[in-house]
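Only the coordinates and a few stated rules stand behind these numbers; no lab work does. No experiment lies behind these values; they were computed from the predicted model shown. Cβ coordinates were reconstructed from backbone atoms using ideal geometry, including for glycine residues, and neighbour counts include every protein chain displayed.
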Amino acid sequence: MQNLSLHTSLEYIKGIGPERAKLLRSVLGVTTLEDLLHLYPLRYEDRTRVYRISELSDQSGDVQIEGKILDLKELSSPGGRRLRARFEESGNSLELVWFSYPKWLVGQIPIGKTVRIFGKVSSFQSSLSMAHPEIELPTTDTKEKGLLPVYPSSEKLTKRGITQKLMRTVLKNILSSSALPLEENLPHYLLEKTQMLSRVEAYRQVHFPTSALALEKANHRLKFEESFFFQLGYLLKKNHQHQYSKGHPMKRVGEYFHTFYSKHLPFPLTSAQKKVLKEIQKDMKKPVQMNRLLQGDVGSGKTIVALLSMLLAMDNGFQCCLMAPTEILAQQHYKGISTLLEPMGIRVEILTGSIKTRQRREVLQGLENGDISVLIGTHALLEDPVVFQNLGLAIIDEQHRFGVAQRARLYKKNTTAPHILIMTATPIPRTLAMSFYSDLDVSVIDELPVGRKAIITAHRREKDRLSVYKFCREQLEQGRQVYFVYPLIEESQMLDYKNLQEGYQQVESFFKSYRAVMLHGKMPSEDKQEAMKVFSQGKAQIMVSTTVIEVGVNVPNASVMVIESAERFGLSQLHQLRGRVGRGSSQSYCILMSKDKLSSDSRTRLRTMVDTTDGFKISEVDMQLRGPGDIMGTQQSGLLDFKKLDLLSDSELIATTKQLAQYLLTLDPTLTDPRHLALRNYYVKSYRGKNKWMKIS
Ligand code: ADP
Ligand code: MG
């Protein structure tokens, strides 16, 4: 066997060559030996057992039988040529068929000899058959045994000679070579203690398992490795950020907090709100920077928790800021928070991209001289000219729109980094939150304010439009307000705007006696604010909009959300949108309008929405449909690109490896122990380029 390294290009690998290497690259994206080793089988064919025909049914799947092929016939039918034969074993028989086949095949089929055939059993009118069986003479030594890998493939590959057989031969060759360039990357003592397979053995077994148990062990080892190095990376990152960890101790609970709590609190807090407030307070007291993620489903009341935390910071002489992902949301927070705080003599200001130069100058001045205590804004407040006198707490609302880099810019707004509180309603599956945000502490508001009624959700189609409109009218007659939301996708923008306009006109002409306003991202900022204002004051009863209202908008009197072309939205987006209703005490409704024919994913999404309002359940379905990378945004998707690990079903393993990585780094924080040399080398090689922050020097 030639000298191999993981970077060896496929064309140099025995059995492949330049032509096939090119094909493999273009069809499967496989370029190097390493890629090939990571081309894990999709499934396995079980060659460990030889079946009897009498045991078979259409549920048997892929099986192997030994017997004779008889009565081979070529038939021509209107659908094309067909080849048919009878396969006989112990007096029982099933039918073999070939639909499209090369001419030469006919002469190759061994008639009347004892052979083994392999394929999937199906049944038609209660008689069994097998299409395109693999045939082997049982005497040859090439006879396949055990669990045989089935690799990703395509017709193009098969036609050009890259068959399962070829792939198996190539991989078998590589894996049985003594020059296999796979070094162990886990410490010896760990393997011994956990009884895990060695790395080489895991790769051998995952491609050519000798038994189902061995396959399970191989999968376990590979998952372990993926999860372990991922966790290790996060912990190293956390250590790397150590320089930020000094924080402002805020020990006082003073007049601002007490006055507000006793005199201005608009409602009693839920016990979940009290619980997370305590967690935050405890963090802020310490001389260590807080980095806390506050998760709470839409409508769970995160804003008031943010506000109370800000009062704590102000009691200790610090300024605060609250950053929102959209201008509309920033405006809304500004309105709500300034209404509550200005009566207490606290100056609250807003800073967004559309604030005029003069006002902007005043705001910047007020921040620098300390007149302004609370700044609300969009990402505009991250910009360099925004200088605080003494920023102590920065709150980020709806974190899924902000990246890690933006968080780091907030750290720099004071010589000692401010405490950071990140709030999100984007339900993140627990396991994902645990692994992805392992540098954050997590608080959860797991209870809605009392008196909320669960939103009733229904799925309707175009033919039901009239009855949907009539239903909306009934709600309007009861004094409620209604949203109509249209999708807006970058790629089909023109068409989407047209749909929105038409929808608006349709709504206006049907609901003549009510006022409808339109809202979309391309409108001038003043028009947007005006539209939001008249709707939230109840002067307009209907809002027709794109998803600009997705995040955080709060109009408790709105009781119906009609989502147009709902099949075009993702699950978390639907959930966010639905959260715009059900914020008051009246019964609320969400109506998902869709076209008639739906893909199976769309159907699952809509059904999930109808079946549950639990954000965590929804996020789990979402993750199953889209994969975790997509959920966290493309920016981070590469990080979560696991080949074997499943973030949902492997949560236990993830927890174990996290603990283990933690333990290992406590013993050896810089990975200098000689026993960790292999681990360190592997880590540096595999992860350095990918994640700059995962530095170990
Ligand atoms: P979200 O967590 O989605 O940001 P908000 O903070 O906007 O939720 O709160 C949603 C609505 O619930 C607001 O109208 C708010 O005033 C109200 N609310 C929050 N907490 C309570 C509570 N403890 N009791 C009653 N209403 C509450
Ligand atoms: Mg909110």
Per residue, the convex hull enclosing the alpha carbons of region 94-136 has a volume in Å³ of 81
What nm value, rounded to one decimal, do you get for the distance between T210 and D58 when each label is placed 7 Å out toward the C-beta? 4.0
Putting +1 on Lys and Arg Cβ atoms and -1 on Asp and Glu Cβ atoms, find which of Q231, L592, L191 reaches farthest to the positive end of the dipole of the chain. Q231
Neighbour-count order for K644, K539, fewest beta carbons within 10 angstrom listed first: K539, K644
With the crude spin-label approximation of a point 7 Å out along Cα→Cβ, what separation in nm comes out for T158 versus E526? 6.6
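Hey, what's the Kirkwood Rh for region 255-445 if you take every pair of different alpha carbons, in angstrom?
Details: mean 1/r = 0.0599 Å⁻¹.
With all distinct Cα pairs of region 255-445 included, I get 16.7 Å.
Going by C-beta contacts inside 10 Å, put M284, M310 in order with the fewest on the left.
M284, M310
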Let me check against my output: what whole-number percent is the relative contact order of the chain, with C-alpha pairs under 8 Å and at least 6 apart? 12
Can you give the charge dipole size of the chain about its Cα centre, rounded to the nearest 20 debye, using +1 on the beta carbon of Lys and Arg and -1 on the beta carbon of Asp and Glu? 300
Cα pairs beyond 27 Å in region 1-139, in percent, come to 43
Once you have the Cα-Cα distance between S649 and T194, take 0.36 nm times their residue separation minus that, and quote the gain in nm to one decimal. 161.8 nm
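Among K286/K412; K412/K685; K413/K658, which pairs are too far apart, with a Cα-Cα distance over 21 Å? If you can, show how the numbers build up before the last one.
Numbers: K286/K412 19 Å; K412/K685 31 Å; K413/K658 32 Å.
Listed pairs above 21 Å: K412/K685; K413/K658.
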Taking the alpha-carbon distance from K251 and a cut-off under 13 Å, which aspartates and glutamates remain once sequence neighbours fewer than 8 residues away in the same chain are dropped? D283, D315
Lysine pair count for region 456-612 [Cα-Cα under 17 Å; pairs on different chains or 8 or more apart]: 6
What FRET efficiency, computed as 1/(1 + (r/R0)^6) with R0 = 30 Å and r the Cβ-Cβ distance, is obtained for R49 and N173, rounded to the nearest 0.05? 0.70
Report the calculated FRET efficiency for T670 and V106 (r = Cβ-Cβ distance, R0 = 56 Å), to the nearest 0.05. 0.25
Let me have the relative contact order for region 255-445, percent, based on Cα pairs under 8 Å that are six or more residues apart. 32
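For the chain, what is the mean residue ellipticity at 222 nm derived from helices alone (per DSSP H run of n ≥ 4: -39500 (n - 2.57); sum divided by total residues; nearest 500 deg cm²/dmol)?
Helix contribution divided over all residues of the chain: -12000 deg cm²/dmol.
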Figure the gain on full extension for K22 and R452 (residue separation times 0.36 nm, minus the Cα-Cα span) and round it to one decimal in nm. 148.8 nm
Under a Cβ-only charge scheme (Lys and Arg +1, Asp and Glu -1), can you give me the dipole magnitude of region 255-445 about the Cα centre, in debye to the nearest 20? 200
Size of charge dipole - region 49-144 - debye, nearest 20, with Cβ of Lys, Arg +1 and Asp, Glu -1, no other charges: 320
Listing H379, H7, H38, H520 by rising number of other beta-carbon atoms within 10 angstrom, fewest first, gives H7, H38, H379, H520
Tell me, in nm to one decimal, what length is gained between S513 and Q478 on full extension, where the rule is 0.36 nm per residue of separation less the Cα-Cα distance? 11.2 nm
What Kirkwood Rh does the chain have if only Cα atoms enter the pairwise 1/r average? Answer in Å. 30.0
Scan the chain and hand back the longest stretch that contains none of the chymotrypsin sites (Phe, Trp or Tyr not before Pro) lying in DSSP loops with at most 15 other Cβ atoms within 10 Å. 105-692
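Compute the projected area of the convex hull of the Cα atoms of region 92-175, averaged over all viewing directions, and report it in nm² to one decimal place.
Projected area, direction-averaged: 7.5 nm².
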May I ask for the equivalent-ellipsoid semi-axes of region 229-312, computed as the square root of five times each C-alpha gyration tensor eigenvalue and listed largest first in whole Å? 29, 18, 8
